[in-house]
Amino acid sequence: MNTFENDFLYLYQNFSAVEKKCLDCGGSIRGRTDKKFCSDQCRNNYYNRLNRDSNNYVRNVHGLLRKNRRILADLYNEGKRKVHRDALFALGYNFNFFTHVIETSSGQKFNYCFEYGFTDLGDDFLELRQNSQYIQYQ
């Protein structure tokens, strides 16, 4: 036998002796030789952990937007169209987070959180409004 055949035979006989470890839990992997994880759960854990930091920022901002929307929707659906700024603040509304601004033809600016918005009336009072014309259902 030449050296290539000896090397190949050695690798073939000892290939099974090299045990692959799961990238997530470190457990042994059985099955295909190119597997990286021992289970779907380990695969999901691994990639969720990799993406956790970038997803946390988006998750936190989205949570704030949903909370703001819920506060405006609850007040609007209770029939309140004019509220004091402190009332929103007391309910936990964060004025730094909104989805868009709409300026009316008269120059009035509404800060919207999805379909619910408000404009400043002066003296710390706000007018609430619902605008669903921009929502298109598919």
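The table for this structure:
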{"read-out": "When the convex hull of its Cα atoms is projected in every direction, mean area for the chain (nm²)", "value": "16.1 nm²"}
{"read-out": "Packing-based ranking, highest mean first, of 101-109, 78-86 given that Cβ atoms within 10 Å are counted", "value": "78-86, 101-109"}
{"read-out": "Amide H partners (placed H, <5 Å) of Cys113, local residues excluded", "value": "Thr99"}
{"read-out": "Loop chymotrypsin sites (Phe, Trp or Tyr not before Pro), the stretch 40-138 (other Cβ atoms within 10 Å of the site Cβ: 13 or fewer; DSSP)", "value": "Phe95, Tyr134, Tyr137"}
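Each value in this text was obtained by applying a stated rule to the coordinates, not by laboratory testing. Everything numeric in this text was worked out from a predicted model, so none of it was measured. Here Cβ is always computed from backbone atoms with ideal geometry, including for glycine, and neighbour counts include all displayed protein chains.
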